[in-house]
Amino acid sequence: QSYSDQIANLLFELGEALARRNGGFIFWSDRQRAKVVLKELVSYYKSNPHWDDAQYRLGELAYEDRDFQEARTRFFAINADSVWNTKSLFRFAMCHYESLQGPAYDLAEMEQARSELTGFLESKVENPEYRKVTSAALTHVEEMLAEKHWIIAQFYFEIENDKGGEQHLDHAANKYPQSKAGQRASARLEKLREMQARAARRAGPNTEAKKD
């Protein structure tokens, strides 16, 4: 075993020991030290067998601390042939979900979360627990997306841009038909079209037809 590998192995053992210590706030400094030690390993010993292990542990620490951007970076870096590959793919997708803050959040972020969760479910990962959790997260994200389009539609109606409002209702109703907001949008669209049809009947033939 090379001197470099010996150092890397010691760093990993120390980082793991610090990361695994429990006890709440009193051991917060140990978690920070664990991050420093493990980051040293992944930065300077990329050929060491523990490189993926260290990346995974850093990802888990960031995930627990709700630093989802850092967690995504760590999980994404893990090699495809690593024993952590399946778990890292699951965590990577869930990071996008966990970082969301409800339907008032940025539409693009929710679309990205939906894409990552869908991608995970379409992958070859067979772990039933991971698939169950991811599926539930996807359902929630689609509900938030439908609600987001509902909110945008109401804004367009308020500024008297009926076309824009109908477009967003249509998106919610047709893209997310199983969601509560999607069903609400579908019912609203039906009423709007009934009103439009009644208005058209009352108006009768158009002006050009009358001239003819």
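Odds and ends about this structure:
- Here the relative contact order of the chain, from alpha carbon pairs under 8 Å that lie six or more residues apart, stands at 10 percent.
- Rg/Rh ratio calculated on Cα atoms of the chain (Kirkwood radius): 1.24
- Anisotropy class of the range 106-212 from Cα gyration tensor, a/c 1.5 cut: prolate
- Three-way shape call for the range 4-84 based on the alpha-carbon gyration tensor, with the a/c threshold at 1.5: oblate
- Cβ crowding within 10 Å averaged over residues, with 191-202, 144-155 ranked highest first: 144-155, 191-202
- Comparing Cα centroids, the range 104-177 and the range 66-85 end up 25 angstrom apart.
- Nearest-ten-degree value, helix 162-175 long axis tilted from longest Cα axis of the chain: 50
- Against the chain, whose longest principal axis is taken from its Cα atoms, helix 68-77 shows a tilt of about 60°.
- Note on the chain: lysine pairs with Cα distance below 15 Å, sequence gap of 8 or more or different chains, count 6.
- Principal-axis tilt of helix 128-158 within the chain, Cα atoms, nearest 10 degrees: 40
- For the chain, a Gaussian network of Cα nodes joined below 10 Å ranks K35, K124, K175 by mean-square fluctuation, and the top entry is K124.
We did not get these values from a lab; they are worked out from the coordinates using the rules stated. Just so it is clear, the model here is predicted, and its values are computed rather than measured. Here Cβ is always computed from backbone atoms with ideal geometry, including for glycine, and neighbour counts include all displayed protein chains.
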